[in-house]
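*Asks:* Let me give you the structure first, and then I'll get to my questions.
Bear in mind these aren't lab numbers, they're just calculated from the coordinates by the rules spelled out. Model, not experiment: these values are computed from the prediction. Glycine gets a Cβ as well: all are built from the backbone with ideal geometry, and neighbour counts include every protein chain shown.
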Amino acid sequence: MNNKIKAAVAGAVLASASVANAGITWDAGEWTVDMNGNVNAFAVYADNKDSGGAIQGGLANSAGANDAEEASIQTGLLPSWLGFTATTRQNDIDTSVTISFQPGAGNTRALAGGNSSNAETENRQAFLTFGDKSWGSIKVGKDLGIFGSTAILNDMTLLGVGSNGAGTNSGSTTTTLGGIGTGYLYADWIGQIAYTTPNMNGLSLTVGITQPWNAIALSSNSNTSSGTTDQYGFQGQGSFSWTGDFAGKVWAGFFSQEVTGIDNGAGGTTDNRSNAMEVGVSTSIYNINLVGYAYSGEGVGTTALLVDAFDGAGNERDSDGGYVQATYVIPMGTKLGVSYGISKLDDNSADTDLGADSNLVKENTRLTVGAYHPLTKHLNLVAEYSRVESEAHANLGDLETDIMSVGAILFF
């Protein structure tokens, strides 16, 4: 596949019954230009229950009150997208450049007397590639991260909403969370230099150095923001794919990064390393697709890389999770699916608030059922229901959110 919008194209292939494989193309001298993307929006209704207090890192009940209800029109997990890829072959080398931007569909009334169009616009891709099918390819620039990328591209909620995470009516984020933080860590869009081998009878390997992250915490339960690094992050993934009546793909990946200068809570700093591993499988037979995925790490946190990864003394927290998913395409073309995911975060004895008042998240879980109908070759109608639950290490009571959404997504 040419270097296109991976989230849009791969997500469409995996989660939609029928989507075109290319956008709008034209020749420009020695170059072929591909303009592609999608527009999507959803009516989202969230019913929050059982608020026992805020949970740091919790994804349920973002409204923070018992029985609070939220309604909004917003973009789903996959942002609306417009991207341009130009490709050419010179001196026996295939080269390409990709640039894209992603506007959001949601906004809130921020000022009296006016409805502020304050949904964020992002620029997730700006990268070049060069290579040849005989020896592989090299990518330089900003694109979807390596670790966790196949997990999100196999998530059926990529064409829908899944978990809303930051709240349906906030208007402060471009997308919802889908299964991020409830089954896998966010791959994110990150500066990188990566090498991918040629396809070797179904086997492919990718390794790269990436922009390093700082350690982030979301409240006073641990460091609010600390740690820098003088070393790159390292990510990699290997996969093996096969075709036939029983087709499928298995993959495994890793993430590793040193984090230095972490606040130890005692007026000094400490150094540590974040490490994570992942494995997954996706298989298809007839109209049935099954996905299983798991990850485990130390000092990688939950939901996104290095979020709540370290305690107040600078020690890494362990985390793990995964998801299982089954989809079935009925004769009329509608894809029906069910997905269950969980992400866990351990606490440490050095955590500052351990005891009855600790609000650090213990686990986030999500159950999603969805229907994805291809009304045309490019246009899909989507309906989903998700139950998201968050539990703290202390006995705060589980927080719950029921999320219903209906909308449409169109690829070109």
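*Asks:* May I ask you to order 92-99, 296-303 by the average number of other C-beta atoms within 10 Å around their residues, highest value first?
*Replies:* 296-303, 92-99
*Asks:* Something else about it: Ranked by Cβ crowding within 10 angstrom, fewest neighbours first, how are 26, 189 ordered?
*Replies:* Starting with the residue having the fewest Cβ neighbours, the order is 26, 189.
*Asks:* How would 133, 344, 139 line up from fewest to most surrounding beta-carbon atoms within 10 angstrom?
*Replies:* 133, 344, 139
*Asks:* Let me ask something else about it. Arranged by the count of other C-beta atoms within 10 angstrom, fewest first, what order do 366, 89, 317 take? Please report the intermediate quantities before stating the final value.
*Replies:* Details: 366 29, 89 12, 317 22.
Sorted ascending by nearby Cβ count, the order is 89, 317, 366.
*Asks:* Still on this model: Which of 344/377; 133/335; 49/377; 49/344; 139/362 have a Cα-Cα distance over 32 Å?
*Replies:* With Cα atoms farther than 32 Å apart: 344/377; 133/335; 49/377; 139/362.
*Asks:* Among the aspartates and glutamates, which fall within straight-line cross-link reach of residue 142, defined as a Cα-Cα distance under 17 Å, with same-chain neighbours fewer than 8 residues apart omitted?
*Replies:* List returned: 122, 188.
*Asks:* With a ≥ b ≥ c the root eigenvalues of the C-alpha gyration tensor of region 248-399, is it rounded (a/c under 1.5), prolate (a/b larger than b/c) or oblate?
*Replies:* Judged from the Cα gyration tensor, region 248-399 comes out prolate (a/c at least 1.5, a/b above b/c).
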